[in-house]
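All remarks here apply to the structure that follows.
What follows draws every value from the coordinates through simple rules; no lab data is involved. What you see is a predicted model; the values in this text were computed from it and never measured. Note that each Cβ is placed from the backbone with ideal geometry, even for glycine, and that neighbours are counted across all protein chains shown.
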Amino acid sequence: MRKTILTAALLCAFLGTQAQEYYEKHVAFPAGATTEQKIDMASRLVPTPQQLAWQQMEFTCFLHFGINTFTGREWGDGKEDPAIFNPTELDCEQWVRALKEGGFKMAIITAKHHDGFCLWPTRTTKHSVTSSPWKNGKGDVVQELRKACDKYGLKFGVYLSPWDRNAECYGQGEAYNKFFIEQLTELLTNYGEVHEVWFDGANGEGPNGKKQEYDWDAILKTIRRLQPKAVTAIMGDDVRWVGNEGGLGRTTEWSATALMPNSYPGSDEVYKRLGINAMSKDLGSRELVSKASDLFWYPSEVDVSIRPGWFYHPEEDDRVKTPEQLVDLYYRSVGHNGTLLLNFPVDRNGLINPIDSANAVKYYQIIQQELKNNLVAGMKAKVSNERGGDYVASAMTDEDYDTYWATEDSVKTGDIEFSFSSPQRMNRMMLQEYIPLGQRVKAFTVEYKDKDGKWLPVRLNEETTTIGYKRLLRFETVVSDGIRIRITDARGPLCINNIGIYDAGQNADISYDVPTEKIESLPFTLTGVAEDDAKLAVDRNNQTTCFVNGNQLIIDLGEEKMISSFHFLPDQSEPNKGLISNYELAVGNTADQINKVVKAGEFSNIRNNPVLQSVYFTPTITRY
Ligand code: FUL
């Protein structure tokens with residue numbers, strides 16, 4: 001920090017900020033604070049050292065593996081027989097080698113998912129690897145992963161699902177809290193250093209199902225006591241769920257946000273009063289901050305699976321995200337002030353599928369290639385702001401995170417300009433704020449100099465508002481000898497520590513159209529929906545939705561046909577409506593006798609991850 005302050009002072013750009021108070025992780029506004037005062041305090045809200053270290057990892061990954069891997073389901077019901085867990089070739093080193101090559105810095109394993117099956121030999125329940133044939137009940141997946149992470153230098157995290165569909169004491173308040181803390185304690189004492197503890201927010205039990213009152217305070221205190229370097233995610237209070245499972249960070253993504261962690265008492269009332277939740281578009285506008293009584297440093301984690309589902313399903317082998325799709329996700333997650341948490345479903349043999357690892361390695365290579373040559377590395381920027389000033393600064397291009405350019409107190413705008421001795425081809429930009437001093441920038445533009453010396457905006461397909469820890473922009477290629485960033489609004493004085501400008505090469509220019517996925521479907525008639533709506537279910541457009549009246553939908557294939565699968569793409573709009581969580585699929589050859597049930601089940605996790613749902617069953621010949 002000393003180095004930071006010295007460097008900045010030498011740049012004559014840092015005056016008042018040192019004397020001011022900073023708020024780590026949380027700030028409560030004093031009663032009667034004006035909007036101006038709140039915004040100013042918001043600009044001085046900063047991360048804890050753990051939150052900063054977490055953000056700097058950028059690439060983290062998830063490993064979904066467990067009983068679901070062997071049943072083909074996304075959510076198990078807890079009644080599965082542990083005897084089905086038998087990964088004959090399980091090799092955590094194979095996982096970690098692939099992850100390392102894909103640039104990941106940490107791996108988080110589903111030590112326990114909602115079905116309650118534990119991947120480590122726990123004393124709390126028999127529903128674990130101990131009761132499985134794998135290694136004659138002597139195996140420990142968590143331990144094997146831990147060792148592999150140590151060997152290849154990856155950090156290690158655990159996903160412990162609070163929702164447990166197997167534990168008998170689930171829903172009994174204190175008894176389950178005790179059980180859960182015991183599980184947590186085992187994981188946090190027997191497996192070395194843990195850097196992230198992940199508690200999902202899912203609870204799919206119906207209104208009459210079991211409801212558990214969690215003792216979050218005791219749970220979070222246990223983590224702080226046993227693993228002080230760990231961040232706690234989602235139901236934890238260090239890391240926030242981005243709000244979708246599609247890998248998309250917001251273009252306006254505040255880490256200093258009005259969203260109170262869900263595990264804090266009173267959070268539901270705060271959400272109600274402010275009209276927000278984890279999925280809201282606006283988590284930090286001036287209007288929202290003016291209504292808020294507290295702000296939190298609660299940065300966004302972007303969790304997304306490399307396949308449609310979180311767990312391995314062989315039928316998804318041809319639906320692994322391509323390297324290009326992953327590159328796109330990188331720009332929208334890490335490039336939108338988030339940390340990427342990319343999931344790899346481990347297969348039934350206990351391995352990461354070669355398609356998944358090949359795509360992950362390739363995408364990492366593409367990113368490194370695209371952002372290899374920083375055209376402004378080591379260059380001096382001409383900086384100016386409303387107070388005039390016209391001086392040069394190189395703190396932003398020295399690639400040192402701890403040196404930065406900052407404006408004087410109360411100056412919230414600034415131009416940062418680079419001039420090249422010859423025209424350069426440019427199409428990518430990386431901007432970073434020095435978040436140990438807060439997140440401030442609210443709006444900026446990027447302009448290049450045309451041949452006549454006129455400044456023109458670059459062409460982008462996203463709004464340029466917040467920066468935060470990192471903002472990456474892809475813009476239409478320009479060839480110019482001048483480029484500038486104009487910061488036009490901020491919560492507080494500017495504090496920019498890194499800028500990169502690149503030419504991503506041959507395929508740099510991306511499409512500016514909104515992508516639509518093609519849906520294949522057979523011509524058929526639907527009953528149970530309005531006539532106009534029926535077309536929407538078969539129009540091969542994933543942006544239109546057909547809503548069902550009531551809870552029954554009849555599909556008439558027109559003639560008898562052999563069918564073996566059913567596919568349902570939920571409403572893709574936000575917030576999505578009419579999601580089907582439980583289904584029964586019946587067939588019959590006459591309209592009044594559609595009663596042979598071929599499959600029934602749950603579209604698990606559909607609210608968080610409304611991807612195409614596919615149901616496969618024994619081929620059957622039917623008309624309805
Ligand atoms: C959700 C769960 O319900 C999904 O199954 C998955 O584990 C995802 C990462 O979190 O809450």
Worksheet item: Hey, what angle do you get for helix 92-101 against the long axis of the chain, alpha-carbon based, 0 to 90 degrees rounded to 10?
Response: 30 degrees
Response to the item:
Amide H proximity to ALA33 below 5 Å, modelled H, separation 5+ or other chain, gives none
Discussion item. For ALA443, what residues show an amide H to amide H distance below 5 Å, using hydrogens built from the backbone and excluding near sequence neighbours?
Written reply: THR488, ASP489
Fill in: region 185-304, relative contact order [Cα under 8 Å, separation at least 6], %
29 percent
Item to complete: Sort largest first and round to whole Å: the equivalent ellipsoid semi-axes of the chain, each the square root of five times a Cα gyration tensor eigenvalue.
Response: 44, 30, 24
Response to the item:
Amide H contacts under 5 Å for LYS599, restricted to residues at least 5 apart in sequence or on another chain and with H modeled in the peptide plane, are LEU585
Worksheet item: On a 0 to 90 degree scale, rounded to 10, what angle separates helix 174-189 from the longest Cα axis of the chain?
Response: 60 degrees
Worksheet item: So for GLU370, GLU408, GLU584, fewest C-beta neighbours within 10 Å to most, what's the order?
Response: GLU584, GLU408, GLU370
Worksheet entry | Neighbourhood charge, 15 Å Cβ-Cβ cut-off, centred on GLU287 and excluding it, Lys, Arg +1 and Asp, Glu -1 | +4
Worksheet, complete the sentence: For region 170-245, shape from the Cα gyration tensor axes a ≥ b ≥ c, cut at a/c of 1.5 then a/b versus b/c, turns out oblate
Response to the item:
For the chain, the longest principal axis of the Cα atoms and the Cα long axis of helix 216-226 enclose an angle in degrees, to the nearest 10, of 70 degrees
Practice prompt. Would you kindly derive the ³J(HN,Hα) couplings of region 594-602 from the backbone phi angles with the Karplus curve 6.51 cos²θ - 1.76 cosθ + 1.60 (θ = phi - 60°), listing them in order in whole Hz, with x for Gly and Pro?
Written response: 9, 9, 8, 6, 9, 6, 9, x, 10
Item to complete: Using only Cα atoms, locate the centre of region 390-441 and the centre of region 582-601, then give the distance between them in Å, rounded to an integer.
Response: 62 Å
Item to complete: Compute the separation of the alpha-carbon centres of region 325-356 and region 145-201 and state it in Å as a whole number.
Response: 22 Å
